[in-house]
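Note sheet for the following structure.
The values are calculated or read from the model by the stated rules, or taken from the named source; none is laboratory data. The structure displayed is predicted, hence computed values, not measured ones. Here the Cβ positions follow ideal geometry from the backbone for every residue, glycine too, while neighbour counts run over all protein chains shown. For accessibility, only protein heavy atoms count, side chains too; no ligands or nucleic acids. Shrake-Rupley method; radii C 1.70, N 1.55, O 1.52, S 1.80 Å.
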Amino acid sequence: EKGGWSSFMAKEVAEQPEAVANTLLGRITDGVVEVPELTEFGDDALARIRRIVILACGTAAYAGQTAKYAIEKWTRIPVDVELSHEFRYRDPVITDDTLIISISQSGETMDTLMAVKYAREAGAKTISVCNTQGATIPRESDAVVYTHAGPEVAVASTKAFVAQISALYLFGLHLARVKGTVSHDELVHFAQQLQDVPAKIAVTLENGKAVTELAGWMADTRAVLFLGRNVGFPIAMEGALKLKELAYIHAEGFAAGELKHGPIALIEPGQPVFVVVPSPRGSAQIHPKVISNIQEIRARGARIIAIAEQGDAAVLPYADTVIPIPLADALFEPLLAVVPLQIFAMALASAKGLDVDQPRNLAKSVTVE
Ligand code: F6R
């Protein structure tokens, strides 16, 4: 079933262009996003939403944190992202104009299921983003937007992650159209950005192979840090999670702006730091700030691996390694930037002789609370 790949994870990482393309299929009509499942849910019901709470665990929660930026920008509706297990037991504020969006690859994660049931009983409408047809969480929800990543076998989630972000972007653009918060021209532009993602992931898969060379000298590293800002922040967190679960190395993701508020104390000579660099075009305000973060840690001896837009010259003097990603609007960069981080975690686990498909202590589907 691995079809010539060394692991299911390697196969699933490579399948990411199709995972996104299949998730978009039938959901863009006349150049704009129209998700039939959401049309069925009802434009009136969507127009009534005043607050969105995204519930998920692990990688799915990072997909939610990534999509928060786009959904808020496009719909002007506040979005909170909460870990399902933290939400359920703290008497959260739920009103009938709150929309709950759960995200779950398996659709069976007990923490998320319990949180969805709880919210629904409290009067919220619930939409499920799920990769498994007919699973329990979609059955317990008012509507479902399936991701069509195909079965994910490796324990570490990869292609489901990019499909989840894509599905949430479809949701955001559908809702923005219903609410009229994004102009028609921009709706067309963003739908095109989404449709361009699969080909750009394919390029990133090629460029990303360069990280495997790092695995050799990093196999004995005790800690790896990941920095990102804005949509790059949840990607840094996701890169760290992949490394923890696959290579059993202590890894931590930080918001780059937080560095001087504490984490910079961790930097000592030789410390590897991955930095997800925002685009100098699309994120002109924060790009120089992240470059100066890189300079600060480089001056303290950090080894910098930068994931940066191709042609970003500002990063070159300070990075030990640059992994270029194709040009995309700022909000679409996470779908590309995550790929080299997945490849790196997989390469480091392999370099350490570990089973990348079945990391120790983990199960693919966590069906207990
Ligand atoms: C990480 C990973 C887990 C899952 C989490 C949620 O690689 O696989 O963090 O993302 O357990 O699982 P689902 O999406 O099935 O609810």
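Condition check: in contact with a strand residue (DSSP E or B) (Cβ under 9 Å, 6 or more places away or on another chain), within 13 Å of the ligand (Cβ to nearest atom) and at negative phi. Does Ser157 satisfy that? The answer is no for Ser157.
One residue stands out in the stretch 86-99 among those that are touching a Phe, Trp or Tyr at 6+ places or on another chain (Cβ under 9 Å) and within 23 Å of Leu46 (Cα to Cα): the one that is nearest to the ligand (Cβ to nearest atom), namely Phe87. As a summary of the residue check, Ser350 satisfies the conditions (1) open to solvent by less than 10 Å² (accessible area, probe 1.4 Å); (2) assigned to a helix (DSSP H, G or I) except for the one numbered (1).
Condition check ((1) buried (at least 20 other Cβ atoms within 10 Å of the Cβ); (2) assigned to a strand (DSSP E or B); (3) of a type in the set (Val, Ile, Thr)) across all residues:
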position	(1), (2), (3)
Gly282	no, no, no
Ile307	yes, yes, yes
Ala337	yes, no, no
Ile343	yes, no, yes
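Applying the criterion of at least 2 residues that are closer than 28 Å to Ala255 by Cβ and open to solvent by 60 Å² or more (accessible area, probe 1.4 Å) to the helices (runs of 4 or more DSSP H) found wholly in the stretch 65-163 leaves 84-87.
What number goes with the only condition from (1) surrounded by fewer than 19 Cβ atoms within 10 Å (Cβ to Cβ); (2) out of contact with any His (no Cβ under 9 Å at 6 or more places or on another chain); (3) under 30 Å from Ala363 (Cβ atoms) that Lys244 does not pass? Of the numbered conditions (1) surrounded by fewer than 19 Cβ atoms within 10 Å (Cβ to Cβ); (2) out of contact with any His (no Cβ under 9 Å at 6 or more places or on another chain); (3) under 30 Å from Ala363 (Cβ atoms), the odd one out for Lys244 is (2).
Only one entry in Ala265, Ala319 is assigned to a loop (DSSP other than H, G, I, E, B) and among the hydrophobic types (A, V, I, L, M, F, W, C), namely Ala319.
Within the stretch 22-64, the set of residues being of a type outside the set (Val, Ile, Thr), touching a Leu at 6+ places or on another chain (Cβ under 7 Å), away from the ligand (no atom under 16 Å from the Cβ) and part of a loop (DSSP other than H, G, I, E, B) comprises Arg27 only.
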